[in-house]
Amino acid sequence: MRARGENPLPHQWERVREAPGEDALVLTKPRAPQTAQPAPVAKFPSVLAYLLRRLLLTPPTMFGVALVCFALVHLAPGDPLVSVLPPDASAELQKQLMALYGFDRSLPEQFGVWVWRALHGDLGTSIASGRPVAAEVLRAVGNTLMLATAATAIGFFFGALFGFVAGYFRDSWVDKLASATAVFGVSVPHYWLGMVLVIVFAVQLNWLPPSGAGPGGSDVWVWDWEHVRHLILPAVTMSVIPMSIIARTVRALVAEALAQEWVVGLRAKGLTDFGVFRHVVKNVAPTALAVMGLQLGYLLGGSILIETVFSWPGTGFLLNSAIFQRDLPLLQGTILVLAMFFVVLNVLVDLVQTALDPRIARA
């Protein structure tokens, strides 16, 4: 019970001046006690913490990729030795070849042996050619990486250009033309576009070579004009889809950024159009970079049809040959290396994206 006449709340009396020469006491609201703010606790840098977390997750991801790759290859029907066995091969010869390539063991045992050898850099021996799979895959990966990098650079340059122009002049004829071009690029089959480019620029105009990675069917890349001429047609064909995807992504990001209030504030402060453009680029760059990294990963593993059309000696051409020849060691090794490239590329893109945009909280 509160005593009679006791003030229920700890109000305070203050002397205020109502008129010149007149003071009065008024009852004011209680003031909240001021407490000392705790000192900030030093945290581990978010980028390094994110890097360690991704590095710890990379080995389980790679193991899962290897398991799925091995399972899908061995679930496919067909005899893996059909390409090397003669039609009248004896049962004894079949058993010897099965033991030579390890196909006489159980699937779990084959998977364990394959993973253990892959960790030591041994991906097995190709059934069709008899050469080490690692040497075959590394040579093909170099050619595919060259082609995919060139296609990604072309697609990112023109895609970002079309996207920025369409975003700045949205709802205009420029925006509509760029959007229609992007939709066409996503919709058109790239292998069909490659055949059209071969007919026009190689057969009719005779400006560029139709196939191969170099003169005389060379499969080794050399930095000279003849090899660059062989690279132009497949790189342009492969760049159409990533160019369209990046253009649509950048267009949406630029239009959204220009509608924000901070852009109006920058213009109100007297910033020039170029200065506003620099700030818009900083906000668009992380997402555009992530899209570009994903497209590069897709091009590394999804270039089978284009490399087949242009007879480009890359991983796509190698996969196509391994599938038709039922070459299990070559098929497994190629898919595994491409998957590892994709996993590592995703980690690198995430790290660069975090470094470019400090607003992304990774901790």
Report whether or not V141 is β-branched (V, I, T), in contact with a Leu (Cβ under 7 Å, 6 or more places away or on another chain) and within 21 Å of M340 (Cβ to Cβ). no
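Residue check: is V174 assigned to a helix (DSSP H, G or I) and more than 15 Å from E307 (Cα to Cα)? Break it down stepwise before answering.
Values: assigned to a helix (DSSP H, G or I): yes; more than 15 Å from E307 (Cα to Cα): yes.
For V174, the condition - assigned to a helix (DSSP H, G or I) and more than 15 Å from E307 (Cα to Cα) - is met.
If you go through the stretch 323-336 one residue at a time, do you hit one that is over 30 Å from V133 (Cα atoms) and part of a helix (DSSP H, G or I)? Let's see the steps before the verdict.
Within the stretch 323-336, the first condition is being over 30 Å from V133 (Cα atoms), and the residues that meet it are none.
No, there is no match, as no residue in the stretch 323-336 is over 30 Å from V133 (Cα atoms) and part of a helix (DSSP H, G or I).
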Taking the stretch 212-235 as the search range and keeping residues that are at pLDDT 85 or above and surrounded by 16 or more Cβ atoms within 10 Å (Cβ to Cβ), which one is farthest from R278 (Cα to Cα)? H230
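Matching residues to (1) hydrophobic (A, V, I, L, M, F, W, C); (2) more than 20 Å from the chain's Cα centre (by Cα):
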| site | (1), (2) |
| --- | --- |
| E92 | no, yes |
| F111 | yes, yes |
| T144 | no, no |
| A160 | yes, no |
| G167 | no, yes |
| A178 | yes, yes |
| V186 | yes, no |
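Whether any residue in the stretch 125-133 is part of a helix (DSSP H, G or I), crowded, with 17+ Cβ neighbours inside 10 Å and either modelled with pLDDT of 85 or more or touching a strand residue (DSSP E or B) at 6+ places or on another chain (Cβ under 9 Å) (or both) is what I want to check.
Kept after step one, since they are part of a helix (DSSP H, G or I), are these residues of the stretch 125-133: 133.
Next cut, crowded, with 17+ Cβ neighbours inside 10 Å only: 133.
From the residues that got through so far, the ones that are either modelled with pLDDT of 85 or more or touching a strand residue (DSSP E or B) at 6+ places or on another chain (Cβ under 9 Å) (or both) too are 133.
Within the stretch 125-133, one or more residues are part of a helix (DSSP H, G or I), crowded, with 17+ Cβ neighbours inside 10 Å and either modelled with pLDDT of 85 or more or touching a strand residue (DSSP E or B) at 6+ places or on another chain (Cβ under 9 Å) (or both).
From the list M195, M292, M238, M243, exactly one residue is in contact with a helix residue (DSSP H, G or I) (Cβ under 9 Å, 6 or more places away or on another chain), open to solvent by 60 Å² or more (accessible area, probe 1.4 Å) and assigned to a helix (DSSP H, G or I). Which is it? So that I can check it myself, show each step before the final result.
Values: M292 fails: open to solvent by 60 Å² or more (accessible area, probe 1.4 Å); M238 fails: open to solvent by 60 Å² or more (accessible area, probe 1.4 Å); M243 fails: open to solvent by 60 Å² or more (accessible area, probe 1.4 Å).
Criteria check complete, one pass: M195.
For every residue, the table says whether it meets (1) touching an Asp or Glu at 6+ places or on another chain (Cβ under 9 Å); (2) not in a helix (DSSP H, G or I).
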{"residue": "R139", "(1), (2)": "yes, no"}
{"residue": "T152", "(1), (2)": "no, no"}
{"residue": "G155", "(1), (2)": "no, no"}
{"residue": "G185", "(1), (2)": "no, no"}
{"residue": "S211", "(1), (2)": "no, yes"}
{"residue": "R229", "(1), (2)": "no, no"}
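The values are calculated or read from the model by the stated rules, or taken from the named source; none is laboratory data. Keep in mind that this is a model prediction, so the values were computed, not measured. Cβ sites come from the backbone with ideal geometry, for glycine too, and all protein chains shown count toward neighbours. All accessible areas refer to the heavy atoms of the entire protein, side chains included, with ligands and DNA or RNA removed. Shrake-Rupley method; radii C 1.70, N 1.55, O 1.52, S 1.80 Å.
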